[in-house]
1. Out of the residues in the range 206-235 that are modelled with pLDDT of 95 or more and not in a helix (DSSP H, G or I), which is nearest to residue 49 (Cα to Cα)?
2. Can you name every residue in the range 1-33 that is touching a residue at least 40 places away in the same chain (Cβ under 8 Å), in contact with a Ser or Thr (Cβ under 7 Å, 6 or more places away or on another chain) and farther than 21 Å from residue 226 by Cβ?
3. Given the residues 147, 213, 219, 206, which is the only one that is in contact with a Gly (Cβ under 7 Å, 6 or more places away or on another chain) and within 15 Å of residue 102 (Cβ to Cβ)?
4. Filter the range 145-161 for residues that are of a type outside the set (Asp, Glu) and touching a helix residue (DSSP H, G or I) at 6+ places or on another chain (Cβ under 9 Å) and give the result.
5. Go through (1) outside the structural domain of residue 63 (by TED's automatic domain parsing); (2) touching a residue at least 40 places away in the same chain (Cβ under 8 Å); (3) over 23 Å from residue 56 (Cβ atoms) and name the single condition residue 230 misses.
6. I'm trying to understand the selection: among the residues of the range 1-17, which are surrounded by 20 or more Cβ atoms within 10 Å (Cβ to Cβ) and in a helix (DSSP H, G or I)?
7. Without any contact (Cβ under 8 Å) to a residue 40 or more places away in the chain, surrounded by fewer than 14 Cβ atoms within 10 Å (Cβ to Cβ) and either touching a helix residue (DSSP H, G or I) at 6+ places or on another chain (Cβ under 8 Å) or not assigned by TED's automatic domain parsing to the domain that holds residue 18 (or both), is that true of residue 184?
8. Somewhere in the range 19-42, is a residue among the basic types (Lys, Arg), in a helix (DSSP H, G or I) and under 23 Å from residue 148 (Cα atoms)?
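The values are calculated or read from the model by the stated rules, or taken from the named source; none is laboratory data. It should be emphasised that the depicted structure is a prediction, and the values quoted were computed from it without experimental measurement. Glycine also receives a Cβ, built like all others from the backbone with ideal geometry; neighbour counts cover every protein chain displayed.
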Amino acid sequence: MNIALIGYGKMGQAIEQIALKRGHNITLRITSANRHEMTTEQLRTTDVAIEFTRPEYAKENVLQCLSSGVNVVCGTTGWNEHLRDAETVALEQKVAFLHASNFSIGVNIFFEVNKLLASLMNGHTEYCVRIEETHHTQKKDAPSGTAITLAGQIIENLTSKKKWALNDFNEQDAVPILTYRINDVPGTHKIAYSSSIDDIEIIHTAHNREGFALGAVMAAEFISGKQGVFSMKDVLGIK
């Protein structure tokens, strides 16, 4: 499979290493310095583009790839309000689009555990829920896309919660998300339900970027040759 890497920072380089180990070719490496090389002609030499950049660039990058007839895996978070646009273009162009807030296999299993726990806790109002997320200082968006996904799942399953709030415990109908930025931390997410009697916590801790990179390459392998809009649940066969 021929892969274009849109974004060639630490994550892009980690994806490259995994892709090469799995027998794929990297046909294009795009950074801010050579963005002009991301042409329709160049993109069409690839099977799948994997996009990991910044929120302010993601929409343009993704739409250009999709409009060029190239399937796209996107891991950039912080641009959720434009995801529907990308999905529409993918369906119009008869290509595939897969966006995920986190490509780690472990995190996607963690998502399912989070939903189950929230459903079990529904109605137990003596417990207060919160999310804590810790990432490296280079991460630009806060809260993380993974934390927002976790909050959305809790809101869907706890009738007492209607929204999330960043670093704020004052809104009773909101899930508080506490964010921390520390050097060289790939990513930690904790869900805690606390009461005066006890605490219930589930935690996912990433040790390096390899899990995210592997999941992104697996997603690219999954959508290669396909049409439509997909998620990591499709990649992992989670019902």
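1. Once the filter is applied, the top-ranked residue is 224.
2. 7
3. 206
4. 145, 146, 148, 149, 150, 153, 154, 155, 157, 158, 161
5. So the condition that residue 230 fails would be (1).
6. Result: 11, 12, 14, 15.
7. no
8. no
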